[in-house]
Every structure is written in structure tokens, then in C-alpha cells.
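**Q** Got a structure here, written out as C-alpha cells. Questions coming.
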């Protein structure tokens, strides 16, 4: 993998916005804007390294599922900050294996081997539209004969098709928080609704705040007659850790509630940073893992302090011999994981994290983000990539 300068397409900003990337700019603290989508450079990958990264991604996913099974078998929910009242529902969810759609590993990878798992965003990962659609159109426009590590769209449609085959009612509600102001959540939810529609499902979108409860089931606003519609299957771009903290959280986990939630409740275990410590415990010295512990740094002199909960990271503190780097985030005192510090690879003075997507348990593609900071925060940029190999017909 290497970074290359690239000539931006004429009117690229209008192009990507028209394709759905309405959050193509990021507002800085001083009121100025920077480009989130950045095609002034791109990343070149070799086919053989993509194949190896796909295998590593799927191995990490299998290990993560095994770790979730271990947590359930050993009743270690308290270490994940999961309340005792939710433990049985999480156990039942893992046992019954309701539908699961997607997730994203964040990997340390500098072009050498092996990659290292930084975390697993397995419940409500974003950066999906740009990874699946926007960078593919960029490839079509700029390198039409070459390939890309990107089968996200096709795999999502296929996954929805398989999910739909098991549903009694083909209506899928797709929910998101309309309190997210950039439009990313709404566009991500809308894109996932479109992939479900292409798979033959009927879809309806609604903000989470419009979901109601009629005493027996969750409901959505109905038609002109005002009759509300039962929600039987719901994809929610809304993390389970938030749902558990809200008044309807217990109702969502009740065995008699007839709503199938995607992602299912057991994804609480994969999206929690305590997973990192359990993985290191179960697979010590595994080449794809970094040392991680829940009780303390255990003698590590350089480490990252991560909150157990927090969508896409949250508060992070890096401790090194040179001092500390803090990202205050928005998450608080729910417990911490101490993971060995591994400075993100630097390409042309940009720190890079490789997002490796998983759809229905299989590797699906990559998205690359850069940051000037050692912490990949809200000011990171997304850069497209290509594979230096002819595209298959």
C-alpha cells in the first residue's frame, strides 16, 4: 500500500454531493470548513495484500464472535458495563442468531505485515456511503480499467435478500437519529434502505423519536388515517448502549416484543472496547492483536485509554513517554480499556487508519481515513483507493 498524488476531478464537490455525500465538508472550530472527501491523493494497493487482508478480517471476525460466546458462557457482562437485567436478552440473542448485517474493523496497517486490530465498530458503523458508493464512482471516472477492494454494495444487497427470505412480512423500517446534524446518519440509513429495496424488501424510514409503543409492540406513524403501523423488523442506526439507557430499552429486549432489531442485541459485545481485552486473553500474542487489559495498563509504558462504550470511539487518551494526548469526546465514566499504543502509520505526514468492512460475516471492502492527529477524530478525511490489478469483467 502506498499514497499517491491524484488530480481531483472537475466539479468533484458537486459530484460527490449529488451521489449522496452531503457531509463532504467538515466545519472546524473557527468556523471554516475543510474537505472530508479528499481526492487530491489516493492509495494504491496490490491484489495479493488485499487477499491477505480479507483473510485477516474474516479471522478477526470469527475470533470476535468466539469471544462473544465466551463472555456469555462465563457470564462476564459486568466487565462490559452491560446491566444485569439485559444479560438474559443478550444471551438469548446470541443463541437464536437473529439477522446481522455489517460492521467495520479499524486496523493499523502500513503496507507491511501483520495488520493490528484497533477496534470493531460492529453495531452502528458509519463512513459507509463513501466506502461503498462514492469511491467506486471515483474509480469509474479516474481508473476504469483497474479494480478496488470494494464489494460492499453487492454484499449488502445479497445479505438483505437472505434476511428477507426469513421474514414473514417484507416491510423493513429503517430508523436513525435526526438529532445528528451533518446528515451522515440519515444518508447512511437511506443508503441501507436502498440496498434493502434492491433486494426486494419494502422499506420505510423514520427517525428514532417517532417510534412509539402501544402497550404491546413498537409502532411507526401510519398513513392518512392516522393508524400506526406495527414495527416487525427494524434496522436502527442507533447503538444498543443508548437504547439500554432509555426508558424503552427494557421493552426492546423483552422476549414477547415482536420486533426483530438489526443489528441484534448481542452486537453489544462486539461494539464494546472490552472485547479487545477478552480477545487478548483468549488469543495471547496473536499477530493481529495488540495487548489490552481492563483493570490497568499492567506495566505498559505506552498505551491508549479507551472508554468501553462510545460510538466510533469517543473519549480517548494516549499515554506515551513524551506525554499525553487527549480527545475529550462525548462519553464519560462507564469503564475503560487499556490497549497498547501503536502509532498510526504515517504517509506524507498523514496518520492513516484502514477500515475493513464485514457484511454477513465476510470481508467486503476497505475505506481509508487520514488525520493530522494520532487520533482519528471528527476532523479526519476520507481518501479513495484502487487495486493495481485489471478489473474482472
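We did not get these values from a lab; they are worked out from the coordinates using the rules stated. Everything quoted here is computed from the prediction, not taken from an experiment. Here the Cβ is made from the backbone with ideal geometry for all residues, glycine too, and neighbour counts use every protein chain on show.
**Q** Can you put 23, 191 in order of Cβ neighbours within 10 angstrom, beginning with the fewest?
**A** Lowest count first: 191, 23.
**Q** Of the beta bridges DSSP finds with both residues in the chain, what % are antiparallel, to the nearest 5?
**A** Bridges in the chain are about 75 percent antiparallel.
**Q** Quick check: residue separation of residue 362 and residue 346 times 0.36 nm, minus the Cα distance between them. What number comes out in nm?
**A** My answer for the length gained is 2.9 nm.
**Q** Right, another one. Share of Cα-Cα pairs in segment 32-130 beyond 23 Å, in percent?
**A** Every Cα pair in segment 32-130 considered, those over 23 Å come to 45 percent.
**Q** Once you have all Cα-Cα distances for segment 38-194, histogram them in 5 Å bins from zero and send the whole-percent values.
**A** Per 5 Å bin, starting at zero, the Cα-Cα P(r) for segment 38-194 comes out as 1, 6, 12, 16, 18, 18, 15, 8, 4, 2, 0 percent.
**Q** For a protection proxy built on the mean count of beta-carbon atoms within 10 angstrom, sort 57-69, 360-372, 117-129 highest first, please.
**A** In descending order of packing, they fall as 117-129, 360-372, 57-69.
**Q** Using helices alone, I'd like the mean residue ellipticity at 222 nm for the chain: each DSSP H run of four-plus residues gives -39500 (n - 2.57), total over residue count, nearest 500.
**A** One gets -8000 deg cm²/dmol as the mean residue ellipticity at 222 nm.
**Q** State the Kirkwood hydrodynamic radius of segment 113-267 in Å, one decimal place, computed from all pairs of distinct Cα atoms.
**A** Result for segment 113-267 stands at 17.2 Å.
**Q** Here's a follow-up. Considering every pair of different Cα atoms, what Kirkwood radius, in Å, is found for the chain?
**A** Evaluated over the chain, this radius sits at 21.8 Å.
**Q** Can you pull the percent of Cα pairs in segment 200-252 with separation above 19 Å?
**A** 28
**Q** When 356, 346 are ordered from fewest to most other Cβ atoms inside 10 Å of their Cβ, what list results?
**A** 346, 356
**Q** Take segment 93-174, compute every pairwise Cα distance, and split them into 5 Å bins from 0; I just need the percent in each bin.
**A** Distribution as computed: 3, 11, 15, 19, 19, 16, 10, 6, 3, 0 percent.
**Q** Give the distance, in whole Å, between the Cα centre of segment 344-393 and the Cα centre of segment 130-202.
**A** Cα centres, segment 344-393 to segment 130-202: 18 Å.
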